[in-house]
Each structure stands twice: as C-alpha cells, then as structure tokens.
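The numbers here are math on the coordinates, done by the rules we state, and not lab data. A quick note: this is a predicted structure, and the numbers were derived from the prediction, not measured. Quick reminder, even Gly has a Cβ in these numbers, built from the backbone with ideal geometry, and neighbours come from all protein chains shown.
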C-alpha cells in the first residue's frame, strides 16, 4: 500500500479536498453577493438541487457536460430572479421565503428525477484539462494544474468576485445597499435593481455549484447536495462576507473532509471513532473562521427589506 | 437674482397627521433661505419632497420656473439638488472617497477611478478647510467629520441648490463659523441654500430670509434684518419663550465623580484619551466643551462601562468602577444619557413603558421572582411620563414613534428615577426642539439644586455649556487643555482652546 | 413526494410546484402521442373467400333469400397479434370461407375506446349486417350505439351481457378450462416449483384464464404461482419486465394472457423457461419452449349468431366457447418433446372438465382479504440500494396477492417526516405498515404502542420492543458480504481492497464485517481499508472516499447504503472492480460491477403476511439469508467471472448455508 506521505497519496487527498470544496465555494461566493446587498437567500440548497438535476439530466440527454453546465446556470438564473422577486419586490420575510425555495428545489428535483430518469444512470463528467508545462511540475503540478475546467473557473471566480465587490461601481453599490440602503437610495442608486442583480448572481452561482457537483459525480440522487447549500450560507458568515474568506472556509472544509477520509481509509482514525470523525470538518472550519473573522460583522441591512421612507 | 426653486401649495399627509399644509417656499440663486421650526413642524418633510423621497399630495415644484415633478433622488441629483440629511446618508463600511463617489458618475463601464475622486476630495477639503481623510472609513469618523463628508459630497457634485438639515447641531462655535463661511461662499458663488435649524442666533447670523413653520403651516416669512431671537422663538412655539435658564448660586459638596490619569483607545486603535483627570462635586455641573471627535464619546463610554480603559481610574461615589460592566457602574450610582439616544439610549422596538423600566426591571416592585409585574410597571411608567411631560400617544407605542425631544425626556425620566449620585449627560439637547430643550435644561438645573448629584455635561453646543455649567473643561485630542469658571468664561478664549490653541496653561 | 405546508410564500411555491407538475405531465403526454398515432386504426377488407366448400343452406322466411352477409369486426390490437384480436379475425375468415361472398371489414388496433366506438358506429351507419365489437372494454359504447341502430345486429365479446337489447349477442370463452389444463401441465413440468403468470388487468377472459391456470397448477402440486397483473393490455415492455421479474424470482415456467405478452414469450425464450400460450397458437414466438396453447375458435359462436340472424333473430343470446363445444382447443407444439405422462394427465383433465368431474374454480388459495400495505423508507424508491430493495419486495407480494393495495412514502430521510407518515398510515387503517429504516425505531415504538390493532414491521432490526404488533426483519448481509469478500480477495492484484460504509451500524456494518472477514480469510496478505463516511446520504463524500481508496492502492471496491452511487462511478472511472449490495448495481458501472448481493425481502414479508392471516400481528424477528433465498448473489452477466472463482464462491455459499463457514460478523 502506498505510503501515506507519498506524493501520489498527498496529491490524491488534496485533489479530493479541492473537488469537495468547489461546490461549496461557488455557492458561497454567490450567497456572498446577495448578503452583501442585504438579502439573505436561504434557498441556495434548493437552487443547487435543481441546478444539479438540470445539469445532470441535460448531460444524460445530450452526453455533453458543458451543455449540462449551461442548463444548470440557466436554472440558477431563473431561480435567482424568482428569489429576488420574492425577497426584494414582495418584501418577504427572508428567513421563511428561502426555506420555501429550498423545499421547492428539494421536492421538485426529486420529483423530476423520479419522473424523467428513475434509476440513476451515470453521465459523462468533465474531462481533466492539465495545463501544459505547469502540470508537469512534480506534486504541485498535479495538485493545482491538473483539474477539470469548471474547477479552474471556480477558483478564478474568487479574484473576479473580489474585484467586482471592491473595485467596481456595481460592487460598491452592492456594499452601500447592504449597509445603508437609505443612503444609497438618497444618492441615486436603485436599491431594487442592485439587489436583484446581486441575488440573481447568487442564483447563477448556486445553479453552477449544483451542476458542477452532479456532473462532477456523474450521477444524481435525491437530495444530492446533502444540505451543502446551508453549509455554504454558514461559510459566508464565517468567511466574513468576503470572497477570500469563503474560499478559505470552503477549502478548509473540503481539505479537512478529504484528510479525514484518508485517515479513516488507512485506519489511523479507528473504526469506532469514524462517526464522530464525520463532524471534524465542520468543527475545524467553524473554529478557523471564527478566529479569523471575529473582527467583521454582518452587513447592517442584511435581511431587512427596503421601502423608501419606511 | 434668479428664482431657483418655487414650491407652491405643498400638501403632504401621513396617516393621522398633515405634515405640510399648503406650504409655499421659494429660493433664489445666491441666497440662504432658512426653514425654522420645532421638530415635527414639517421642515424635513418639505425638503424630502424636494429631494424626491416623498411625493406631495398636492402642490407643485418649479425648478428655475418650470414645473418639475421629482419622483426620486436620482432626478433631484440630476436637477443639481443636493441634501445634507440630519441622519447622515453615508455608508459606514465604505471609505470617504467611496461615499463621495457613490451615485456620481466617475468613470465608464463600471470601473471606478477612485484615485481621481480622492484627489478631488483633497482639493476641496483644502480649498474649503474641510479636513477629512479620503481613505478613512465612515465608521471611524466623528459626527462632525461625517458632516464634512456630506458637504464635500455636495461640493464634489457642484450642486446648484443645497439643503442642509440641522447641520450645526454637531459643530463647535468655531466650526459653525467656518461652516457659515463656506456656506456664504457657496451662496456668493451663485448657489441657493436651504438651511434648516432651530438655533436662533445661528439662523440670524447666516440667513437672508427665514420661513417659520409650525404644525405643517407657514407661520410667516421674515428677513434676517427684521427678525430677533425672541420674535422667531415665539413664532416657532406659538407662545413667549424664556431662552436662558435661571441658575441659583453654586453650593458644591464632596466629589462624587473622580477620574485619574485615564487612558483609553479609540475605535481606530489610537489613543482617544490621554492622562485625563476630572473631578465633579455634588450640586455642581461640570461642562465638557470641545469639538466633536476629541474624545468626548470615549470619555462618556469609559465612565458608563461601555469601553475598557487601558489605564487610570474612574470612581463613582467612592467606588472604583474602572473597566466594570455597565450594570456594576449603574449600581454604583451612575445615570447616563447617551449621545446616540436612538442607538444607545432606548430600544426603538420596545414600548414606552418597557423603555422606562429598562434598567431597573429586575428590581422590586417591577418584578418578583423573575416575573415582571405589569400593574406596577404601568403605574410607574404613567407616573414618569406625567412627571417628565413625555408626549406620547400611549404607554404601549414603540419608543421609535416618539420625537427626539420626547425620547430624550423619556431617557432622562428613566435615568433620574433611580436617584443617581452622578449624571453623565452627553449632548442632551442635540436635535431637540426648543420647548424640550428648555425643559431638559430646567431638569438639569433642578438636579443641581438637589445638591446630591454631580453632573457631567458633555456638549458640543457651547451656548448650552456656557448657560448651564459651573465649571467648563475644554477637551482637545483626548486631553483637558483648560478649565475655567463659567462666570469668568470668555467665549473667544474657550473657542481657541477648543481649536487646540492653548495659551492659558493648566 | 411530500407536500410540505408552509404559510405565505410556501403557498406560492406550492402553486408553482403544481404548475410544474402539470408541465411534467403534459410533457409525458407529448411523448406518448407518437405511440398513440403509430398503430392508427386500419380498415382492411378481408381477402375474398375463394373456397370451394359447399354453400350453407339458406333458410328463408318472409325475407328475401339471404344476401351475402356483410360482417364488420372492431378489435383492440393488431390482426396478427397471435392473441386476442387474431382469434376473432381467424374466426371471421373461417366464416367467410364457409359463406363465399361474405363481405368482411376489420378495424383493428383501436385500443382507444373512442376510436373503436367511432368505427362501430360507422359500420352500423353503413348498414353492415353484423358488427362485432371484440373487446370487453367496448361495452359502454356498444350499449349506446346498438340502441341507436335497432336494425343492425351486434355481437360483443368477451362478455356475457346483452344489455337486454334484442339486437346484441354476447360471447365469451371459458378460458379457465384451458387455463386449468395448462396449469396441470405446468405443475408437472416445473423444476423450481415456481411458476410465473403475466396478466393484463384482472378482468374478463384474462382473469378466467389466470384463475384456471393457477388452480390447475396448485391442485397438482405446484409450490408457488406468482401472478403479476401489469395493469395494461398493451404495454409490451412492462410485460417483458414482469416476465423478467418472474425469472429473477426463480420461475422456470411462464404463461400469460392478452396481446401484450408477446414480449414476455420472448423473455421465456431468452431465459429457457417454458411457456404456455392462450388465445392463439403462440408456438411461433418461442418454437422450442412453447409447450401448448389454448386456441379460441370463435367461429363456433359466430355460426350460432349467423344462424340466429338467418332465422330473423338479431340477438339477445349469450354464447360461450369451451372445451366441450370445440370452441376451445389445446394445440400442442410438435417441436416440444412433451413427456407422455404429462400429455396423458392433460388429456384426462380435458376429459374431466368436459364431463364436469373437475371444477376449474376450485383450489383457489384460501381467500384472503386483500391486504393494505404501506412502506415508509428513507431514500428514493429507485435508489438501487436500500429503499429499492423493499419496494421491489412489496411489488412481488402484490403480484402474489392480487388486490393488495400498496402505499409508499419514500425519501423520508428526516425521521420526523417518517414518523408522521407512519402514524398517518396507521391512522388510515393499513393492515401492515413497514418502517424500513433502523433510524425509525424510536418513533415506531411510540406509534406502534398507540395503534395496537395495526401490524407494523421494522427493519433492518432485530428488536420488536416486546410489542405484540411489531415484527422485525433483518438481513444476514454478512453472508453475501463474506462471499464477495472471498471473490474480491481473489480478484485483487494490489492486495488492497476498499470499503465505503455509511455509519457503523446495522445492516451496513454486518455487510462490511462479513466482506472484510471473507477477504482476510481467503488471502492473508490482503489489506481491507474500511471507511465509514458518517452519512447515509452524502454522495459527494462517498465518492471522495472511493477516490481515497483508489489513491491508497485499492483495485477492488465495495460499499453499502444508498450514498454509494457516486462511489460506483469512481470505480468505473478508475477501472476498479466493484461489488454491490442491497440491489443489483450493474447499471451504474456495467463493465466493472462483478456481482451484487440482492435482498429479497419478500421472503420475510411472506412470513409476516402469513402471521397476519393466522391472526398474529407481530412479535417475531425475521431474517433473510442465503439459506432461505432472501439473499441472492447476482453476477453481472457482462462480466466474465472465471469459472474457478465461481466454483469457489459456490463452495463458500454452501458452507455458509450449511453452517460450516462462520462469517465472523455479529
């Protein structure tokens, strides 16, 4: 059996961590947009599930994971818009309406799956796309530069999101609207439009997270996300509403999960303790992020619908 | 002079109240036109209509002669209208530069060139003497500094018409003078300014014309030349008003509040108070004068137990309460009227009676064995509301429904009901109407007369300090730079000390 | 699916959900449309009769000499379906041959009743002398139409009712008679003592045949006759699958009634199972394996109807074909070597039926009230694992006990939801409520105590809480696990085997332990890495656990519980062998699944149901294992298991069943 510290095992374990992290990363990046604008979307998991099913089903029918991913994004876009209508225009209680979206996604994805597919059949996944030259670097090359394209894109999304939030007018508007919508409104920023855009971006990324998860696994099953959408929401809080924070959280979560799996596989975590060990990723992630992010606080207007003069 | 603005027959109704009742108002280029009135008289409503935040039920708005319905702030901005709101429209987590850039067009295609904006801010702050760090976050700034950001934002936008809602409430006399200079400059440059205030001598000093509102109606329009403080005050209140409290002679007892070598850090992690020493005796009012942001907030918070000092001692009635929890400080005999009354002084969503028992709800007779006793609470609340003339529709309405003056009276009622030995009152009449201010001042004088309470009055309103305090300590950059007897106080000299020019020594 | 009730917004969502449901339903309709259109009703004229047989004597009354008859037939399936429709078409052709000049029109394929009604009305309008509505489902339409055309003679089959109309004849087949004869032969020919029957809907002619067959078989010593009414006269694919299910359940003799069985005959042919046909001679469909067919000779009744017509009687009679009047004939397949004693028994049976000494309706199973069974299970019904195993089993029970009503709530991985469902079924008075999940124990204990008159079953568990109305059932999955562990050890090149488990409890633990012990006992140098991921539902984590095994050098993997679907994919992607359990997982990795241990919970369900019919609502704990046929190892037919290995597995199975091998799990 390969030595636990051999390059192959380390690379395999960390790659595993990256794969586990990516759906969380995409979903929590998206959720960060919505929350920065003051909208808490608890429906992420529902959007992920429908994105996952849509992506899986399309891939099953077209045999193209890319078409599947595109459909996952489109479903996310639609559900993001729907969520915006409910929480921004209809001023719904965000804690409740998000659960509605979640239950809708959970039930609908299962129903469609039962009706349209039935027995879970494997679908083609994304091909690995090693980056020339860079992927030849020992260990590091395999670890960082030998993944499928959606994984690269997910990590590329971090600086892009950071830039959008911190350096663009749109991002500044999001932050302004999430902190003090009255002030933003008084300066001529449409609170409604900004929140729609932010929540819809969140939907698209949640849809992408679901599609990447399902197509990456090459399979669908009822409740495929296993509540990852809720972990993503928690990561947004613990990641202090910053893309880099949610990346750190997602990676810690994914990596710790992968290492725990390896340790169990090798019997280093004894069988008797394996159920307890299943909690380690969540515990370590929460601890790490609480320590790192304790200086930050939530956007002031988070969960508060905006009515002018109200 | 060109007619910039004309508002004709404006009517605005809110459920149960007519906020503006056929109000006419006009503004010419190059003038300062003041809207004067008590809180709730309808000044802010009228200006919010102008700014597109409210729609009038009746009446017309004409900009430069042509009827212009303004349905949103964007349109107001596009018509060159700017507004400095009483509650600042700033995003605390954004920088000064970002707040100034917000909503204004600074670049194409979504990218922002914030460096250009920051440079322009430096330019404006230099040319107008409005010192502010473009890279600072708003949450790090004092109220006075925040106002400068608002004015810089208006200058940055190069507005034609600027509305300032109670802008002097947070400034020192020197700053007020400075602000007025800037405002006059802006007027001379051809802008029209609407100045909303209830401070009579400021109104007289700055305005060209004054329109007085009461209960949503125009009580009259006068020029500054023909008006006096007394005539304006009686127009506002609808009865003759006594403008300065009568104060019996000082009979101080023993020291009840003692502060020794206090050092405190501010929010930015920099020293906010350095080796500060103070002592207040019972039967005495010590006034802290100073420009906003010089450590007043930190001082009040360190006494109230809301901020931990790094070193030094605070003693309330002989008990060392340095770094203690607020509840401990209260038990030692402190009463505290905080600066941010909406944020720190009351819980807006709680009812009037709940707010009245907030600090002593766990004591008999308000509760027994952990259960609140509603009968006792109501009786007690009713008594306090009557005693302190809190105007409220009922004991069960949320405190957030009360006007600033009535909320302050409520807080004062609660704080004084526990027979304190020390009262710290921070900006007790800021944003409060004349009638309520008069009442609060009388109450403070009354407490002084009881000879059992030491009163620390922290105020950025120099008139208030001069009118109430027995001794005046001037705070500058976290230190007491001078202390004078009120009787021998010289407004000019105090003004200089507030600006850090100390020639008196201590 | 659950309907969740939430205030406000959720209500909007519910509406959306309903809309989407409708959309889904429409989508399905759209898909079905082409199928509807394909076998469009055709009207074909029968070939001109060119026989030189003698003309029948025409009896004349005051009518003119009998004009050559014009006969129309409307039938639901294709004229050459080797079954129901072909039987009438053949008969009409015989009549046409007997009466040259007879004009015959046939509209076949009208399985949509409205289409048939239009055709019947059309023929009546055109003045056909006799319009034959060949389908019991046409009764309602015929009743209306016949009343509108009192001068036209109609015949309706298979039915015994003429609606009291003077112009309607009814005809039916005593197909239970032939069915009984076939049942006798089937009982004699089966080796496994399991016989499978595929039926359409439990009505009319088909029901008669099935009942007769069943009774004949049981009366002659057949052990089990599994009957599966698929709910359709036309779903060939479903009928094939039903036949597959019979084969999988051990049947080696099959029969079936109605036109959709053509696929089922093919399945019999493919599996080498014997077939008995009915309605038409089905030998052509499986020339080696069709033993005999009961053939309908409707011409027997048509002759009588025509003679009625000739005598001026338009209808009002009900006719029947049976063995005695030659309307039913047993046609043997000459290509099948039927033992002489079986043939003799069949002939004796025919004689007995004709003589009235054999009653085809006897030997029915002790009539039992149709049971109402409810299942509550944590994952999806088609999860290829835990939940599917119980759903499949309940379906087997339904096939065995026609009329059984089944309700399934799946996906209740939240225990509170499951508890609500269990309580709901108990409240509705179901006879047996199955709580299929060890995690439901706590809730079940409370609920079962509240409903002492309802029988509950809890699995996988061995504890009945001492309650008299709770049965427990469990699987000795360590047995199959042990056998597959042996196989895995033999197959592994690297000597490293990976196991993905959910939580270290119950059934999953048994399987994993058995697998481990089997592998280690076979090869001392093998390493079995076991990874319990801590979840029954985290597909992604199970998938990564499999990756970790592969990275650690494993070349054979296995795993238990429903979240392993992702792990099987990893095996497939890495070219690593997979052993499945709980259900046949071959579909997930067609090249690399070696074998699956499949649960046949019907074995325990049969016992529980027998308890209930005997008046005992519970109290017993049951187990499925290799010995009682409740656990079955299903090899992947596409995977070439070496013969030596197969043999060794056989030896191990035998050892376990006989008790000479201890799986070491408990």
Q. Angle between the Cα long axis of helix C:643-658 and the longest principal axis of chain C, 0 to 90 degrees, nearest 10?
A. 80 degrees
Q. Taking a ≥ b ≥ c as the square roots of the eigenvalues of the Cα gyration tensor of region A:12-229, is the shape rounded (a/c under 1.5), prolate (a/b larger than b/c) or oblate?
A. oblate
Q | Average other protein chain Cβ within 10 Å of Cβ, residues C:559-569 | A | 4
Q: Could you calculate, for region B:3-237, the ratio of the Cα radius of gyration to the Kirkwood radius, expressed as Rg to Rh?
A: 0.97
Q. In region C:115-212, what is the volume of the convex hull around the alpha carbon atoms, normalised per residue and reported in Å³?
A. 103 Å³
Q: Compute the Cα gyration tensor for region A:1-124, then decide on rounded, prolate or oblate, letting a ≥ b ≥ c be the square roots of its eigenvalues: rounded whenever a/c is under 1.5, prolate when a/b is larger than b/c in the other cases, and oblate in all that remain.
A: oblate
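Given R₀ = 35 Å, what would the calculated FRET efficiency be for residue B:379 paired with residue B:255, taking r from the Cβ atoms and rounding to 0.05?
0.45
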Q) Once the Cα gyration tensor of the protein assembly as shown is diagonalised, what are the square roots of 5 times its eigenvalues, in whole Å and ordered largest first, as equivalent ellipsoid semi-axes? A) 88, 40, 29
Q: Above 22 angstrom, tally the Cα pairs of region C:477-658 and express them as a % of all pairs, no decimals.
A: 42 percent
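Test of understanding: what is the full-extension gain from residue B:226 to residue B:68, defined as 0.36 nm times their sequence separation minus their Cα-Cα distance?
53.6 nm
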Q) What spacing in nm lies between the two simple spin-label points modelled at residue C:620 and residue C:463, each 7 Å away from Cα in the Cβ direction? A) 2.2 nm
(Q) Restricting the calculation to Cα positions, tell me the Rg (one decimal) and the Dmax (whole number) of region B:366-506 in Å. (A) 18.4, 59
**Q.** For B:175-184, mean number of other protein chain Cβ atoms within 10 Å
**A.** 0
Q.
Once you keep just the Cα pairs under 8 angstrom separated by 6 or more residues, what percentage relative contact order results for chain A?
A. 36 percent
Q. Chain C: Rg/Rh from Cα coordinates, Kirkwood Rh?
A. 1.05
Q. Between residue A:283 and residue B:135, what is the label-to-label distance in nm when each label sits 7 Å out along the Cα-to-Cβ direction?
A. 4.3 nm
Q: Rank these for me by crowding, B:358, B:444, going from fewest to most other beta carbons within 10 Å.
A: B:358, B:444
Q) For C:577, A:155, A:296, C:213, what ranking results if the residue with the fewest other Cβ atoms within 10 Å of its Cβ goes first? A) A:296, A:155, C:577, C:213
Q: Order the peptides A:42-49, C:121-128, C:71-78 from the highest to the lowest mean number of other Cβ atoms within 10 Å of their residues.
A: A:42-49, C:71-78, C:121-128
Q | Two-site label geometry, residue C:613 and residue C:161: point separation in nm, points 7 Å out along Cα→Cβ | A | 3.0 nm
Q) If packing is taken as the mean number of other Cβ atoms within 10 Å per residue, what is the order of A:99-108, C:517-526, highest first? A) A:99-108, C:517-526
Q.
At a 10 Å Cβ-Cβ cut-off, how would you order C:158, B:258, A:265, A:225, fewest neighbours first?
A. B:258, C:158, A:265, A:225
(Q) Please compute the length gained on full extension between residue A:296 and residue A:160, using 0.36 nm multiplied by the number of residues separating them and subtracting their Cα-Cα distance. (A) 46.8 nm
(Q) Compute the angle between helix C:299-310 and the longest alpha-carbon principal axis of chain C, please, reported from 0 to 90 degrees and rounded to the nearest 10. (A) 30 degrees
Q. So what is the calculated 222 nm ellipticity per residue for chain B, using -39500 (n - 2.57) for each DSSP H run with n of 4 or more, over all residues, to the nearest 500 deg cm²/dmol?
A. -9500 deg cm²/dmol
Q | FRET efficiency for residue B:491 and residue B:11, using Cβ-Cβ distance with R0 set to 41 Å, rounded to 0.05 | A | 0.40
Q) Rule-of-thumb check for region C:372-475: C-alpha Rg over 2.2 N^0.38 Å? A) 0.97
Q. Can you give the calculated 222 nm mean residue ellipticity of chain C, where each DSSP H run of n ≥ 4 adds -39,500 (n - 2.57) and the sum is split over every residue, rounded to the nearest 500 deg cm²/dmol?
A. -13000 deg cm²/dmol
(Q) Given a Förster distance of 25 Å, report the FRET efficiency between residue A:304 and residue B:115 from their Cβ-Cβ distance, rounded to the nearest 0.05. (A) 0.15
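Express the C-alpha Rg of chain B as a ratio against the empirical globular expectation 2.2 N^0.38 Å, rounded to two decimals.
Expressed relative to 2.2 N^0.38 Å, the Cα Rg reads 1.00.
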Q. What shape does region B:121-254 take by its C-alpha gyration tensor, where a ≥ b ≥ c are the square roots of the eigenvalues and a/c under 1.5 counts as rounded, a/b above b/c as prolate, and the rest as oblate?
A. oblate
Q: Give the peptides B:187-198, C:470-481, C:440-451, A:205-216 in descending order of average Cβ contacts within 10 Å, highest first.
A: A:205-216, C:470-481, B:187-198, C:440-451
Q) By how many degrees, 0 to 90 and rounded to 10, does the Cα axis of helix C:506-522 deviate from the longest principal axis of chain C? A) 70 degrees
